[in-house]
Amino acid sequence: SRGLGDVYKRQDLIKTNLKNQIIEKYNLEVKFEKNLGYGLFPKPHFFVKNTTIIFNEKNIAKAEVTKIYISIKNFFSSKDIKIKDLFFRQTEFNIDSKDLLFFEGILNSNRSEHNLIFKNSILFFKNKDKDVVFFTEINNLNVFQNQDFNQQLNAKLNIFNIPFKLKIENQLKNKKLFANLN
């Protein structure tokens, strides 16, 4: 029989493995506040509540729920787990002008065919005195590699109760960035 210490060791090993893959694949540093749970449906995944997102050693967001979808063939191996998609729900971003580079970093470094998704979230943009200048609701923000192997960010947002869609395509080979705002 396994002792409780073995369970905690396995949990820590999986957390470390997942955090390292998230940094490598998405250029995203996270801190898991709670223990991981796991589910098999609709796809195998780990989930955790209260995930902190860190940028330049500063906590810039907290996600109520994080789901880390993984490959089914490595589900039972602590060290061979491979992340497929990363999903954050009810994330509250608190950023200023320096933190906008966070989104650029994700768009420049996500060279994976797997999705990075934020749903039902909110972004508070603050000035240098830490006062909120504006906030935007993030209905859906998805970063992925499109069929042309370019990095793409699609977002459905509301700012001042006005809905808009944002599409940014980063053509890494041509070193061009295209943005479309509707």
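The values are calculated or read from the model by the stated rules, or taken from the named source; none is laboratory data. Remember, predicted model here, so these are calculated numbers, not experimental data. Cβ sites come from the backbone with ideal geometry, for glycine too, and all protein chains shown count toward neighbours. Just so you know, the surface numbers come from the protein's heavy atoms only, side chains and all, with ligands and any DNA or RNA stripped out. Shrake-Rupley method; radii C 1.70, N 1.55, O 1.52, S 1.80 Å.
Quick look at the values:
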item	result
Cβ-based charge dipole, segment 98-182, positive-most Cα from 164, 152, 174	174
Exposed chymotrypsin sites (Phe, Trp or Tyr not before Pro) absent: longest stretch of the chain, with sites in DSSP loops and at most 10 other Cβ within 10 Å deemed exposed	77-159
Selection of trypsin sites (Lys or Arg not before Pro), segment 83-153, meeting DSSP coil and at most 11 other Cβ within 10 Å	128, 130
Residues of type lysines that residue 167 reaches as a straight line, Cα spacing below 26 Å, ignoring anything fewer than 8 places off in the same chain	25, 62, 67, 84, 98, 119, 126, 156, 175, 176
Shape category assigned to segment 80-140 from the gyration tensor of Cα positions, a/c cut at 1.5	prolate
Cα point-scatterer Debye curve for the chain, base-10 log of I(q)/I(0) at q = 0.10, 0.17, 0.18 Å⁻¹	-0.42, -1.14, -1.26
q = 0.11, 0.22, 0.24 Å⁻¹: log10 I(q)/I(0) that the Debye formula gives for segment 102-182, counting C-alpha atoms only	-0.33, -1.05, -1.15
Anisotropy class of segment 13-96 from Cα gyration tensor, a/c 1.5 cut	prolate
Most fluctuating residue given options 159, 95, 53, as computed from a GNM of the chain linking Cα atoms under 10 Å	159
Straight-distance crosslink candidates among lysines, where the alpha carbon sits under 20 Å from residue 9 and sequence neighbours closer than 8 are dropped	19, 31, 34, 49, 79, 82
The chain, dipole about Cα centre (Lys/Arg Cβ +1, Asp/Glu Cβ -1), debye to the nearest 20	460 debye
Net charge contributed by nearby residues that have their C-beta within less than 10 Å of residue 157 (K/R +1, D/E -1)	+1
Percent carbon-and-sulfur accessible area, segment 22-162, ignoring ligands, DNA and RNA, probe 1.4 Å	51 percent
